[in-house]
Amino acid sequence: MRKKIIAGNWKMNLNVHEAKILFKEISDIVAKNNVAHEVLVFPPSIYIESLLKMNQSTIEIGAQNFHYQNKGAFTGEVSAMQLKQLGCEWVLVGHSERRTMFHERDADLLNKIKAALENGLEVIYCCGETLNEREAGIYFEKIGEQIELLKTLSLNEMKNVAIAYEPIWAIGTGKTARPTEAAEMHDFMRTKLESIFNLEVADSTSLLYGGSCSPQNAKDLFACSNIDGGLIGGASLKAESFGEIIAAI
Ligand code: PGA
């Protein structure tokens, strides 16, 4: 059975005090409601250690970014190895903000995925098309190409990879993909995984939706059979809205 996952991507938001309060509130919600699926948060890296020390075992913590080398002269960077040593369990790779604003290319993304897996971290690999690509009708092709990046991973490595479909036109815009649009893409992604790997990988890989997911639309999105959870930005910054999304699955 594949995992159901709700992940909060805090991006570069919250001060340390707010981050700790939010983390505690989310932990309490998860504990109180006996939430069975995985709840993850991706705080700014500098908060990871203090949140881990709060010892709220109901939530796992991930890093939004890292370098693919384990160590060396890479001023300003942190490595997957360092994150793992801290107790971090997940990483995000391929978020559209990193692809566009920080010019991360396919080769960088693959190196990052491999470094994360080698260091025992689980990966949420993000893909998505631009508005132009959607309007040009080439969105399946684009997502197909992005998923192809994973083709050199082993079947075993794929056990630690989840994929988030995040249409770029939906991120932070308040414009969500309609459940039918998200569903057809997730169906396509699962078929694509089967053609690259096999049916077992296709069936066991968690596929998440991201892009203006909110308490208002989460239920309809998560009702689609191939959507196994969400990667939530804005709505993960308040315990109340994130809690409602956690409950919607
Ligand atoms: P959003 O962000 O929910 O604010 O649209 C999602 C994401 O960027 O992961």
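Residue selection: Lys159 satisfies the criterion of being more than 16 Å from the ligand (Cβ to nearest atom), open to solvent by 60 Å² or more (accessible area, probe 1.4 Å), under 17 Å from the mean Cα position of the chain (by Cα) and farther than 14 Å from His67 by Cα.
Quick check: is even one residue across the range 216-229 more than 16 Å from the ligand (Cβ to nearest atom) and among the charged types (D, E, K, R)? No, that holds for no residue. Within the range 81-98, the set of residues being closer than 24 Å to Ser154 by Cα and within 16 Å of the chain's Cα centre (by Cα) comprises Cys88, Glu89, Trp90, Val91, Leu92, Val93, Gly94, His95. Taking Lys142, is it over 15 Å from the mean Cα position of the chain (by Cα) and free of Cβ contacts under 8 Å to residues at least 60 places away in the same chain? Yes, satisfied. Per this entry, Ala235 is counted among residues that are under 19 Å from Leu92 (Cα atoms), in a helix (DSSP H, G or I) and within 13 Å of the ligand (Cβ to nearest atom).
In the range 1-37, of all residues being without any contact (Cβ under 8 Å) to a residue 40 or more places away in the chain and open to solvent by less than 50 Å² (accessible area, probe 1.4 Å), the one that is farthest from the ligand (Cβ to nearest atom) corresponds to Ser27.
With respect to Ile249, is the statement that it is within 16 Å of the ligand (Cβ to nearest atom) and at pLDDT below 95 true? Against the criterion (within 16 Å of the ligand (Cβ to nearest atom) and at pLDDT below 95), Ile249 qualifies. Criterion applied to Glu104, Glu97, Glu129, Glu141 was being acidic (Asp, Glu), modelled with pLDDT of 95 or more, assigned to a helix (DSSP H, G or I) and within 16 Å of the ligand (Cβ to nearest atom), and the one residue passing it is Glu97.
On inspection, Ile168 qualifies as open to solvent by 10 Å² or more (accessible area, probe 1.4 Å), modelled with pLDDT of 95 or more, under 16 Å from Gly210 (Cα atoms) and touching a Ser or Thr at 6+ places or on another chain (Cβ under 9 Å). Taking the criterion of being part of a helix (DSSP H, G or I) and either surrounded by 15 or more Cβ atoms within 10 Å (Cβ to Cβ) or within 16 Å of the ligand (Cβ to nearest atom) (or both), would at least one residue in the range 205-215 satisfy it? No, every residue in the range 205-215 fails to be part of a helix (DSSP H, G or I) and either surrounded by 15 or more Cβ atoms within 10 Å (Cβ to Cβ) or within 16 Å of the ligand (Cβ to nearest atom) (or both).
The values are calculated or read from the model by the stated rules, or taken from the named source; none is laboratory data. On a predicted model such as this, the values are computed, not experimentally measured, just so you know. With ideal geometry, Cβ positions are generated from the backbone for all residues, glycine too; neighbour counts draw on all protein chains shown. Protein only, heavy atoms only, side chains kept; ligands, DNA and RNA dropped before computing areas. Shrake-Rupley method; radii C 1.70, N 1.55, O 1.52, S 1.80 Å.
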